[in-house]
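Since the structure comes first, as structure tokens, the remarks are kept for the end.
No lab work stands behind these numbers, since they all come straight from the coordinates. Note that the structure is predicted; figures quoted are calculated from it, not measured. Here the Cβ is made from the backbone with ideal geometry for all residues, glycine too, and neighbour counts use every protein chain on show.
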Amino acid sequence: MLKNFIQSIETVVEWVGKAVAWLTLLLVLIMCFDVIRRYLFRTTSVAFIELEWYLFSMIFLLAASYTLKHDKHVRVDVFYASLSDYKKAWVNMLGALFFLFPFCLVVIYASSKYVLVSYGYQEGSPDPGGLPARYLIKAVIPIGFVLLLMQGIASFLNNLYTIYSHYQHKNS
């Protein structure tokens with residue numbers, strides 16, 4: 001049952017990560033179009049610049065959980081690389097417990113209030129010609145951190161299983 005729970009989380013994270021890859025392609029195309037407009041036609045728009053910023057934000061926030069799932073996040077590997085899988089599992093679990101989980105919970109709580117206030121004001125771009133509904137991009141902040149927290153829980157449980165397996169093997 002626990003494996004099914006972990007697999008469900010990781011399936012969602014995998015799907016989101018692959019969808020975000022398409023946002024990266026979209027961002028590149030929009031940036032190329034904007035650069036061509038700027039240098040050939042000497043024109044640009046605030047909406048294009050904000051759209052680039054929105055897409056980059058979405059990529060960064062939504063891909064964090066995918067990055068954690070595939071263990072590709074930034075890490076200082078001076079000592080970690082030489083540890084056994086058992087010790088890495090302990091480091092990962094303690095890091096999640098004392099750093100990842102509390103940080104995710106604080107950001108989810110704080111950013112949710114931020115999104116609700118933005119929605120209440122029907123906040124749009126402060127710049128003329130900018131994009132409306134700024135609360136939509138702000139909503140990606142708690143969504144991204146919920147996904148990161150979910151993947152953190154799945155990774156925590158996987159590491160717990162690694163430690164449990166180590167003790168089972170050691171005691172048999």
Overall Cα dimensions of segment 2-170 - principal axes, largest extent first, Å: 69, 38, 30
Which residue, MET58, MET150, MET31, tops the fluctuation ranking in a GNM of the chain built on C-alpha contacts under 10 Å? MET31
Rounded to the nearest 0.05, FRET efficiency between PHE98 and HIS166 (Cβ-Cβ, R0 30 Å) equals 0.90
Which whole DSSP H helices in the chain pass both tests: a Cα extent of 24 Å or more along the axis and a mean Kyte-Doolittle value no lower than 1.0? 2-41, 46-69, 101-120
Mind giving me the nanometre distance, one decimal, between the label points for PHE56 and GLN122, set 7 Å out from Cα along Cα→Cβ? 3.0
Please compute the modelled spin-label separation between HIS70 and GLU14, points set 7 Å along Cα→Cβ, answer in nm with one decimal. 1.2
Just to be sure I understand the model, the point goes 7 Å from the Cα along the line to the Cβ. What's the resulting ALA21 to ALA110 distance in nm? 3.3
Of the listed pairs LYS3/LYS138; LYS88/LYS113; LYS3/LYS72, those with alpha carbons more than 30 Å apart are LYS3/LYS138; LYS88/LYS113
Taking the chain and dividing mean pair separation by its residue count, relative contact order in percent (alpha carbons under 8 Å, at least six apart): 32
